[in-house]
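Here the structure is laid out as structure tokens; the discussion comes afterwards.
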Amino acid sequence: MQKLPRALQTVVDRLSKLPGVGPKSALRMGLTLLNWPEDQVRNLGHSIQTLRDSVCLCSQCGCPSDEEPCSICSDPSRREDLLCLVSDWDALLTIDEAGFYKGKFLVLGGLLSPLDGSQVHELNLERLKDRLDSGLVNELILALGTTREGEATESYIVNLVEKNFPHIHISRLAQGIPVGSELKYMDKETLKQSVNYRQSLSEK
Ligand SMILES: [Zn+2]
């Protein structure tokens, strides 16, 4: 079997460590790079090289940023008393891009998953404790999703906050029927959550 040239094999091996990239697509990327004009490949290499140097993690919320603190944490029009806890930066982006949430964020850096070995020490709990310790936060909104890992992390955080910061109100995102959906197509668990988290419409 013919071997790949050593430099190409190295690129393929490194690219295939990226999420969602298998050896075949890594090889396709490597071959594409070989066909690119030289300056384009050098520019790509340079931008990857400077990524770690120029992007910092905001010390307040944990999201990647050009400046410290990031534009969300330094925005005076955002409410300091509302803190939304998300697992990852892309969850923060999704909520922020929707444009309705005017509080602050904190990125936990993952979810607890005992099965694949994600442990408590891998989460940014110190950053969370420091933030709650500041005395500025009145409500912590848990936006950790409804997966098993999200639920496990949520109950861990609830215990931690109730024990150490009993004055802080904890809430979670509502669960139930998505907007614009028909009831007859809902699964049992979604329906159950919708009944559990039903909203009162009467004044009484
Ligand atoms: Zn920030």
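The values are calculated or read from the model by the stated rules, or taken from the named source; none is laboratory data. Note that this is a predicted model, so its numbers are computed, not measured. Neighbour counts run over all protein chains shown; Cβ positions are idealised from the backbone, glycine included. SASA here: full protein model, heavy atoms, side chains in, ligands and nucleic acids out. Shrake-Rupley method; radii C 1.70, N 1.55, O 1.52, S 1.80 Å.
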Residue-normalised accessible area of the chain, given per residue in Å² at a 1.4 Å probe: 71
What span do the alpha-carbon atoms of the chain cover on each of the three principal axes, reported in whole Å from largest to smallest? 76, 45, 33
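Compute the FRET efficiency between L33 and S71 as 1/(1 + (r/R0)^6), taking r as their Cβ-Cβ distance and R0 = 45 Å, and round to the nearest 0.05. Could the numbers behind the result be given before it?
Numbers: r = 33 Å, r/R0 = 0.73.
Here the calculated transfer efficiency is 0.85.
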Please figure out what share of the DSSP beta bridges in the stretch 1-159 is antiparallel and state it in percent, rounded to the nearest 5. 25
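Can you check what the net charge comes to around T10, using other residues whose Cβ is under 15 Å from the Cβ of T10 (Lys, Arg +1; Asp, Glu -1)? Let's see the in-between values first.
Values: positive: K3, R6, R14, K17; negative: D13.
So the environment of T10 carries a net charge of +3.
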List the residues whose amide H sits under 5 Å from the amide H of G103, counting only those 5 or more places along or on another chain, with H placed 1.01 Å from N in the peptide plane. R79
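Restricting to DSSP loop positions (anything but H, G, I, E, B) with no more than 12 other Cβ atoms inside 10 Å of their own Cβ, which GluC sites (Glu not before Pro) remain in the stretch 38-107?
Working: sites: E38, E67, E80, E97; in loops: E67.
Sites meeting the loop and neighbour criteria: E67.
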Most mobile listed residue (K17, K129, K163) in the chain, GNM with C-alpha springs under 10 Å: K17
Extension gain (nm, one decimal) between S25 and T147, 0.36 nm per residue minus Cα-Cα: 41.0 nm
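Just the C-alpha atoms of the stretch 1-50: what Rg/Rh do they give, with Rh taken as the Kirkwood radius? Spell out each step's value before the answer.
Values: Rg = 11.3 Å, Rh = 11.5 Å.
Rounded to two decimals, Rg/Rh equals 0.98.
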Amide proton proximity set for L123, modelled H, under 5 Å, gap of 5+: none
Treat every Asp and Glu Cβ in the stretch 28-142 as -1 and every Lys and Arg Cβ as +1, leave all other atoms uncharged, and give the resulting dipole magnitude about the Cα centre to the nearest 20 debye. 120
Whole-percent carbon and sulfur share, accessible surface of the stretch 84-184, 1.4 Å: 53
Can you list the lysines whose alpha carbon is less than 18 Å from that of K163, not counting same-chain residues fewer than 8 positions off? K129
Using +1 at the C-beta of Lys and Arg and -1 at the C-beta of Asp and Glu, which of L33, T94, L136 has the Cα lying farthest in the positive direction of the dipole of the chain? L33
Kindly sort V41, V12 by accessible area of their heavy atoms, largest first, with the probe set to 1.4 Å. V41, V12
Pick from R131, R78, R14: which is most flexible by mean-square fluctuation in a GNM of the chain where alpha carbon atoms under 10 Å apart are linked? R14
How much solvent-accessible surface does S181 expose, in Å² to the nearest 10, with a 1.4 Å probe and all protein chains in place? 50
Between Q60, S71, P23, whose Cα lies farthest towards the positive end of the dipole of the chain when Lys and Arg beta carbons carry +1 and Asp and Glu beta carbons carry -1, centred on the Cα centre? P23
With a 1.4 Å probe and all protein chains in place, put L108, L82 in order of accessible area, largest first. L82, L108
Enter the Cα centre distance for the pair the stretch 15-94 and the stretch 149-186, rounded to the nearest angstrom. 28
